1. Kindly list, by first and then second residue, each pair from a residue in region 4-22 that is assigned to a helix (DSSP H, G or I) to a residue that is charged (D, E, K, R) and surrounded by 14 or more Cβ atoms within 10 Å (Cβ to Cβ), limited to pairs with Cβ atoms under 8 Å and residues at least 6 apart or on different chains.
2. Which ones in region 8-33 are aliphatic (A, V, I, L, M) and surrounded by 11 or more Cβ atoms within 10 Å (Cβ to Cβ)?
3. Looking at (1) within 13 Å of the chain's Cα centre (by Cα); (2) closer than 19 Å to K2 by Cβ, which is the only condition L38 fails?
4. For E41, only one of the following conditions fails: (1) assigned to a helix (DSSP H, G or I); (2) without any contact (Cβ under 8 Å) to a residue 12 or more places away in the chain. What is its number?
5. In this structure, is A52 part of a helix (DSSP H, G or I), aliphatic (A, V, I, L, M), free of Cβ contacts under 8 Å to residues at least 40 places away in the same chain and surrounded by 12 or more Cβ atoms within 10 Å (Cβ to Cβ)?
6. Being at pLDDT 95 or above, of a type outside the set (S, T, Y) and within 12 Å of the chain's Cα centre (by Cα): is that true of A15 here?
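The values are calculated or read from the model by the stated rules, or taken from the named source; none is laboratory data. Everything quoted here is computed from the prediction, not taken from an experiment. Here Cβ is always computed from backbone atoms with ideal geometry, including for glycine, and neighbour counts include all displayed protein chains.
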Amino acid sequence: MKPFSAATLFPAILAALLWMGIGTVQRTRAGLPLADALVAELPLTVLVFVLALVWAALRRRR
């Protein structure tokens, strides 16, 4: 299997970090402690990363 290039990984990492940051800020403003907010955002952040990675890989293939 061919490894992903930096041009494919960068947008996926950026999307995941943006998702994690926005979600963490929203949860901490709602009163959740920072550690709990980070743990709560982790599953969806992983999902966003995988979806963005697949999307970026498919776009680069065209």
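1. W19/E41; M20/E41
2. L9, A12, I13, L14, A15, A16, L17, L18, M20, I22, V25, L32
3. (2)
4. Tallying (1) assigned to a helix (DSSP H, G or I); (2) without any contact (Cβ under 8 Å) to a residue 12 or more places away in the chain, E41 fails exactly one: (2).
5. Answer is no for this residue.
6. Spelling it out, A15 is indeed at pLDDT 95 or above, of a type outside the set (S, T, Y) and within 12 Å of the chain's Cα centre (by Cα).
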